[in-house]
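**Q** Let me give you the structure first, and then I'll get to my questions.
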Amino acid sequence: MGYGELIIRSYDPQYDRTRVEDFERKCEVGPAKRVFLFTDTLGDPICRIRNSPIYKMLVAELGNQLVGVIQGSIKLVTVHKPPNDLAKVGYILGLRVSSLYRRRGIGSSLVIKLEEWFIANDVDYAYMATEKDNKASVKLFVDRLSYVKFQTPTILVNPVSHRMSRISSNVEEAEAIYRKFMSSTEFFPIDIGNILRNKLSLGTWAAYPRGESWSGVPSSWAMLSVWNSGELFKLRLGNAPLSCLMYTKSSRLIEKLVPCVKLPCIPDFFRPFGFYFIYGVYREGPLSGKLVRTLCRFVHNMASKSKDCKVIVTEVGGSDTSRLHIPHWKSLSCPEDLWCIKALKNEKKNSLHELTKTPPTRALFVDPREV
């Protein structure tokens, strides 16, 4: 039975909002072998890209049936060896195709159409992120659409309990130092000021040893910023092992009946929840690892006061040893996320090889607007 011609067009909020919301609720996020995460965009399907400088959402239809969606954003970033090298990059996210209509080329058609929009806006490179084990996504982008593996960041997830942690070092705001110390990192956004001033950015903090002065150069220091992703959309666990569910309920019961027993408690992930995203992690000095941990405890204290925040998520470069100092649960984290990139201009194709083969810098700036 035919379904008519595939039509790909721009998202129309008046006509598409309800349909896209329903469509997104049925589409899982994350690896099927572990758990399903479902998103609730709180009535705004483009919430994940709305804070980007330039953005677009496309929908795919067969007849009157919505069968796929994709989102994209554009920004100016540093690449390879800044500050001399700047590039306009387009980020691809939110690619969804209805399970009933997969393997019909709808996903590739959506990507190609979004790439055409990138090219029309003078974008140098298109890039996307997926889990390394997501074979379908890797096959689509790498094998069919000529994307090249670029980075393998680490995503660290730490549940939030309501036990307060002690902060042993000074924590100060440090918004003014990002350009000085992180402008040479890969994919550093030129409009960093817009990110830091955004209402979703809860603040930027730096930590250094007690007794030293920030006005000078501390022997060791660390910094990070926090983004409240829960204000944009919620997550909900849709599938989990029975053992996980039993542990969640039993640990909460034990904590209530015997509070002196410090059994790690898993938050209730089965109802919609928000999360904080830590970004812009940077450190220097022999004690900086401990200071990163101190800052993470500070963020945990912030999150513990929120009724909505259930986890803290951090994404750092795969070679960034800061990951050793960021608290996280291995079972909830992703040790190797995968970024893939594609040159959209002929003059950039030669530099793509150099860009992807160059050893990654220690730090990687992950834009919270693209989470």
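Throughout, read-outs are computed from the coordinates displayed, never taken from laboratory work. As the structure is a prediction and not an experimental result, all values here were calculated from the model. Don't worry about glycine lacking a Cβ; one is built from the backbone with ideal geometry, like all the others, and counts go over all protein chains shown.
**Q** When K56, K307 are ordered from fewest to most other Cβ atoms inside 10 Å of their Cβ, what list results?
**A** Numbers: K56 20, K307 8.
In increasing order of surrounding Cβ atoms, one gets K307, K56.
**Q** Could I ask something else about it? Just to verify a number: FRET efficiency for S304 and R236, C-beta to C-beta distance, R0 = 25 Å, to 0.05? Don't skip to the end; give the middle numbers.
**A** On the way: r = 21 Å, r/R0 = 0.83.
After rounding to 0.05, the efficiency reads 0.75.
**Q** Just to be sure I understand the model, the point goes 7 Å from the Cα along the line to the Cβ. What's the resulting R50 to E5 distance in nm?
**A** In this crude spin-label approximation the distance works out to 3.4 nm.
**Q** While we're looking at this one, here's another question. Roughly how many whole Å is it from the C-alpha centroid of region 37-77 to that of region 207-231?
**A** Cα centres, region 37-77 to region 207-231: 34 Å.
**Q** Using a basic spin-label model with each label point 7 Å from the Cα along Cα→Cβ, how many nm lie between S331 and F181?
**A** It is 3.5 nm.
**Q** Once you have the Cα-Cα distance between Y15 and L76, take 0.36 nm times their residue separation minus that, and quote the gain in nm to one decimal.
**A** On the way: separation 61, 0.36 × 61 = 21.96 nm, distance 3.16 nm.
Length gained between Y15 and L76: 18.8 nm.
**Q** Also, quick follow-up: Determine the gain in length on full extension of the stretch I112-L42; use 0.36 nm per residue of separation and subtract their C-alpha separation, reporting nm with one decimal.
**A** 22.4 nm
**Q** For region 44-93, rounded, prolate or oblate, judged on the Cα gyration tensor with a ≥ b ≥ c (square roots of eigenvalues), a/c < 1.5 rounded, else prolate if a/b > b/c?
**A** Numbers: a/c = 4.89, a/b = 2.70, b/c = 1.81.
Prolate, because a/c is 1.5 or more and a/b exceeds b/c.
**Q** Separation between the K345 and R144 pseudo-spin-labels, each 7 Å from Cα along Cα→Cβ, expressed in nm?
**A** 2.9
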